[in-house]
Amino acid sequence: MPKMGSTSLHSYFDCGGYKSVHWKCGKRYCGECIEDAIQAGSSPLSTSKCTKNFGSYAQIDRGPEHLVQVNYLNEIVGGVPNATFILTFRNMTNWYKSMSNFNNLRQRFEAANITGLPRGVGRNVSEFSHFYCEYVKRVREEVAKYPGRHELIEIDIEDPTVGWQMEEAFGTSHTCWGKKNTAKHNDTVISVEELQRRD
């Protein structure tokens, strides 16, 4: 989901040696490749050259207009065997502010027609909170349909221990975790240790 830690996830997995992608799969958007495969009646990651052999898809949408992880949730969970899905959380007010300050992202959410967030909805924190909470419920319900087949990891990207949680879940050092693409939209990585020193 945009502005929900996808750049940090991508950097974490890349640091850990995974072949990780962040919204672009080769020359195409990952979401376009996945959507094309689903619309062709194939498994989400089976037919398109640009979606093969990656170990981590940190962000698969192409902005609010193409939130494949929301609009094609059932097909993705049902069509990708033995996957680990990561649900990221953050303070909803912070998420709303981040989207509002990132180009025209919040307005694009409001203009798009997204499953659970119809066109014209998304003008305030409350509407975004409701949308995301309903999405979280859908993800949990969908993953629960496949016991033993998938794993669902839930992390709060604003929790100072998130690096340790990721290390426990994936075995990659907590030092690979850092906040990326923050307020000034630069590429500065802030480690958990540095954040704790600043507190």
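Just so you know, all these numbers are worked out from the coordinates, no wet-lab data involved. Quick caveat: nothing in here was measured; it's all calculated off a predicted structure. When we count neighbours, we look across all protein chains shown, and the Cβ atoms used for this are built from the backbone with ideal geometry, even at glycine.
Structure above, values below:
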{"item": "Simple label model, 7 Å out from Cα along Cβ direction - F89 to I153, nm", "result": "1.7 nm"}
{"item": "Gain in span if fully extended, K24 to N124, counting 0.36 nm per residue against the direct Cα distance", "result": "33.1 nm"}
{"item": "log₁₀ of I(q)/I(0) at q = 0.12, 0.14, 0.19 Å⁻¹ - the chain, Debye sum with one point per alpha carbon", "result": "-0.61, -0.85, -1.59"}
{"item": "Cleavage-rule hits, trypsin sites (Lys or Arg not before Pro), the range 110-156, DSSP coil, Cβ neighbours within 10 Å at most 15", "result": "R119, R123, K145, R149"}
{"item": "GNM top mover of A83, A112, A40 - the chain, alpha-carbon springs below 10 Å", "result": "A40"}
{"item": "In sequence order, calculated HN-Hα J values of the range 94-99 (Karplus, 6.51, -1.76, 1.60; Hz; x Gly/Pro)", "result": "5, 5, 4, 5, 4, 5"}
{"item": "Helix-only CD estimate at 222 nm, as mean residue ellipticity for the chain, using -39500 (n - 2.57) per DSSP H run (n ≥ 4)", "result": "-12000 deg cm²/dmol"}
{"item": "Spin-label model distance (nm) - K137 vs S46, 7 Å beyond Cα toward Cβ", "result": "3.2 nm"}
{"item": "Fluctuation leader among Q39, Q59, Q69 - the chain, Gaussian network, Cα springs under 10 angstrom", "result": "Q39"}
{"item": "Q107-C15 pseudo-label distance in nm [points 7 Å out on the Cα-to-Cβ vector]", "result": "3.5 nm"}
